[in-house]
Amino acid sequence: VVKATTVGKIAFDHGISTSIIERIPKLIVAPSHLFRSATGVGSVLVTIENKNGAPIIIALHPSKRVGRRLVNEVASMYAKEGPDPIRKWSVQGLLLWARV
């Protein structure tokens, strides 16, 4: 599930193109890495997509109750610039899974 307000934030605040936003379902099922969130809320997927060399991060809230259903909610999506987040989060012990 992705809320309309989240899509607006992803597109306008984080500068992710609509062509990438439209592919969220495919990106979620084929991440390059899966990390536990450092804040303890949800999970973080690192996609093989990138924006200007920075990996695109998809923050998820798994099993979130929406009405009577439990859904996996896309909380955010952004290009992670700066030091390599994959290495940093792996060293911190947050890595749950990596594509071999």
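The values are calculated or read from the model by the stated rules, or taken from the named source; none is laboratory data. Remember, predicted model here, so these are calculated numbers, not experimental data. Note that we place each Cβ from the backbone using ideal geometry, even for glycine, and neighbour counts take in every protein chain shown. Areas reflect the complete protein model, heavy atoms only, side chains present, ligands, DNA and RNA absent. Shrake-Rupley method; radii C 1.70, N 1.55, O 1.52, S 1.80 Å.
Residue-normalised convex hull volume from the C-alpha trace of the chain: 109 Å³ per residue. With helices as the sole contributors, the chain gives -4500 deg cm²/dmol at 222 nm; each DSSP H run of n ≥ 4 counts as -39500 (n - 2.57), and the sum is divided by every residue. Accessible surface for the chain, divided over its residues, is 63 Å² per residue with a 1.4 Å probe. The alpha-carbon of Lys9 sits under 24 angstrom from the alpha-carbons of these lysines, leaving out residues fewer than 8 places away in its chain: Lys26, Lys51, Lys64, Lys80. Compactness check for segment 48-96: Cα Rg over 2.2 N^0.38 Å is 1.42.
Most mobile of Ser76, Ser63, Ser43 per a Gaussian network model of the chain (Cα springs, under 10 Å)? Comparing Ser76, Ser63, Ser43 in a Gaussian network model of the chain, the most mobile one is Ser63. The residues neighbouring Trp89, those whose beta-carbon lies less than 13 Å from its own, together hold a net charge of +3 under the Lys/Arg +1, Asp/Glu -1 convention. What the Cβ-Cβ distance of Val1 and Asp84 gives, at R0 = 22 Å and to the nearest 0.05, is a FRET efficiency of 0.15. 3J(HN,Hα) couplings calculated from phi for segment 41-55 with the Karplus curve 6.51 cos²θ - 1.76 cosθ + 1.60 (θ = phi - 60°) are, in sequence order, 10, x, 10, 10, 9, 10, 8, 7, 6, 8, 10, 6, x, 9, x Hz; Gly and Pro show x.
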